[in-house]
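What follows is one structure encoded as structure tokens, with my remarks underneath.
The values are calculated or read from the model by the stated rules, or taken from the named source; none is laboratory data. Given the structure is predicted, the values throughout are model-derived calculations rather than measurements. In this analysis, Cβ positions are derived from the backbone assuming ideal geometry, glycine residues included, and neighbour counts consider all displayed protein chains. Each accessible area value is taken on the protein alone, full model and side chains, heavy atoms only, with ligands, DNA and RNA left out. Shrake-Rupley method; radii C 1.70, N 1.55, O 1.52, S 1.80 Å.
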Amino acid sequence: MSTLDSLALTCIPAQDEALRAEVRAFLAQATKEMPAHLRARSWGGYSTEFSRQLGARGWIGVTLPREYGGGGRSAFARYVLVEEFLNFGAPVGSHWIADRQSAPLILKYGTEAQKRFYIPRVCRGEAFFCIGMSEPNAGSDLASVATRAVPNAQGFLLNGQKIWTTNAHHCQYMIALVRTSGSAEDRQRGLSQVIVDLSLPGITVRPIEDLSGDSHFCEVFFDNVQLGLDALIGAEGQGWEQVTAELAFERSGPERLFSSIVLFDQWLDWVRTPAGRSEAAVLLAGKVLTQLAPLRAMSVAVQQRLAEGGSPIIEAALVKELGTTLEQFIPASIADALFAAESEDLPVELLMTLKYVTEASPSFSLRGGTRDILRGMIARGLGLR
Ligand SMILES: Cc1cc2nc3c(=O)[nH]c(=O)nc-3n(C[C@H](O)[C@H](O)[C@H](O)COP(=O)(O)OP(=O)(O)OC[C@H]3O[C@@H](n4cnc5c(N)ncnc54)[C@H](O)[C@@H]3O)c2cc1C
């Protein structure tokens, strides 16, 4: 296959694009009282009430089959929704992971009973999931996962520790990558995924405070946690293949382009005023847009591959790596532009948003896989490693 084959332009189909107007009208109303520095949190923002409202409108699990409570629509319908959620800075963090990857994973690998139990509640905005992949010594090197679920008569006995688990303190469930056989030296072999009910005895969840003062990710400890037989998702020993496919969902969406979009829009509003306008600011706006437009086109093309049932792992890594670079460029260059102007009447709300996004931005190229690892994957995709 030619490299160019991966870069074909794709259009969002008209029937999915048509969803945008309705979503915009709802979000304009729902977020109108929220200040920009809170909206800038968006998929880090947490509101179970808001998730339930979206669930009631059929806007969670839009790609999942109707028989499990989903919308039965294409990946493009979800793309339009996600773009608008981020565009408005809607607080979608509570259902985000369940919608993006846990429910699709359960649909792909789960038993019929698991699908019927979990997916409808995800779609209603009632069941929330977190991802238990990283461990203190297994972040980028996931194959060295050491948390162990030992098969026994009742199911599996779980012991070990996860770290950086987003929203573990709020969620009912974790899908954890664990070792069900062999040792950490076996690398990819012997890994499985299990669904862990976080209310079980033996589980301790400890939130970690980040630079901005938020506590959204956690340490999670498992001390002789007894899981049932129905905890296993997919096949025992197939955890590595399953996790790799799941990461394409995690890395492919518009959230890897638009983490700084509320800040960018708010800054543009300021640049449109006589006080905020300067030649340098206009040049910067153009520079950001000329990067954003092709990246968005690439991101839409990845959705096409997902819509066809493919697993575009390398393409998703490419978009995430370039996308997070732009997401980090936006706050850094806006800060340079604002402070170089030496203006004394900068809008306070703009500065508050800039402060939050600046503090959060180092994490953009960490969460969901670090820059170095993604670059290695891209090199491998090009046959260079
Ligand atoms: C905001 C946020 C939310 C997160 N949420 C979750 C979550 O919900 N669930 C979850 O499981 N994890 C989560 N993570 C963890 C995240 O995915 C890990 O931080 C990431 O995988 C890196 O692992 P690490 O922190 O252990 O760093 P390490 O793996 O120790 O890496 C440290 C540095 O070394 C580099 N490095 C490591 N190995 C190599 C190599 N082979 N070649 C070149 N360079 C290398 C890395 O790129 C990095 O720069 C989250 C992280 C953040 C910041």
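Annotations
- Ligands, DNA and RNA aside, Cys11 has an accessible area near 110 Å² when probed at 1.4 Å.
- Straight-line cross-link partners of Lys162 among the lysines, defined as a Cα under 26 Å from its Cα and at least 8 positions apart when in the same chain: Lys108, Lys115, Lys320.
- Scanning residues 5 or more positions from Ala127 or on other chains, those with amide H under 5 Å from its amide H are Val122, with H placed 1.01 Å from N in the peptide plane.
- Span from the region 240-295 Cα centroid across to the region 326-385 one, whole angstrom: 9 Å
- Fraction of accessible area attributable to carbon and sulfur, region 231-276 (%, probe 1.4 Å): 58 percent
- Taking the longest Cα principal axis of the chain as reference, the axis of helix 371-381 is set at about 70 degrees.
- Comparing Cα centroids, region 164-216 and region 102-134 end up 15 angstrom apart.
- For region 283-385, accessible area per residue (1.4 Å probe, heavy atoms of protein chains only), Å²: 48 Å²
- Amide H contacts of Ser47 (H built 1.01 Å from N, under 5 Å, at least 5 apart or other chain): Gly93, Ser94
- For region 1-114, a crude dipole built from +1 on the beta carbon of Lys and Arg and -1 on the beta carbon of Asp and Glu, taken about the Cα centre, is about 220 debye to the nearest 20.
- For the chain, a simple Cβ point-charge model (Lys and Arg +1, Asp and Glu -1, everything else neutral) yields a dipole of about 760 debye relative to the Cα centre.
- The angle separating the long axis of helix 261-271 from the principal Cα axis of greatest extent in the chain is about 10 degrees.
- Close amide-amide hydrogen proximity is noted between Phe217 and Asn167, Ile208, each under 5 Å apart and 5 or more residues distant or on a separate chain (H modeled in the peptide plane; Pro and chain starts excluded).
- When the charge dipole of the chain is built from unit charges on Cβ atoms (+1 for Lys and Arg, -1 for Asp and Glu) and taken about the Cα centre, the candidate among Val282, Ser183, Ala335 whose Cα reaches farthest toward its positive end is Ser183.
- Rounded if a/c under 1.5, otherwise prolate or oblate - region 193-324, Cα gyration tensor axes: oblate
- Applied to region 222-234, the Karplus parametrisation 6.51 cos²θ - 1.76 cosθ + 1.60 on θ = phi - 60° returns per-residue 3J(HN,Hα) values of 10, 10, 6, 8, 8, 9, x, 5, 7, 6, 5, 10, x Hz, with x for Gly and Pro.
- Ranking Ser215, Ser199 from most to least accessible surface, computed with a 1.4 Å probe over the protein chains only, gives Ser199, Ser215.
- At R0 = 51 Å, FRET efficiency that the Cβ-Cβ distance of Ser278 and Asn137 yields, to 0.05: 0.55
- The C-alpha radius of gyration of the chain, expressed as a fraction of 2.2 N^0.38 Å, stands at 1.00.
- Rounded accessible area of Met298 (nearest 10 Å², 1.4 Å probe): 50 Å²
- Crossing angle, helix 75-88 versus the chain [Cα axis fit, 0-90 degrees, rounded to tens]: 50 degrees
- Antiparallel DSSP beta bridges within the chain, as percent of all bridges there, nearest 5: 85 percent
- Residue-count net charge about Arg24 - beta-carbon cut-off 15 Å; Lys, Arg +1, Asp, Glu -1: -2
- Region 168-224 shape via C-alpha gyration tensor axes, a/c threshold 1.5: prolate
- In this view, the solvent-accessible surface of Asp210, computed with a 1.4 Å probe and all protein chains in place, comes to about 40 Å².
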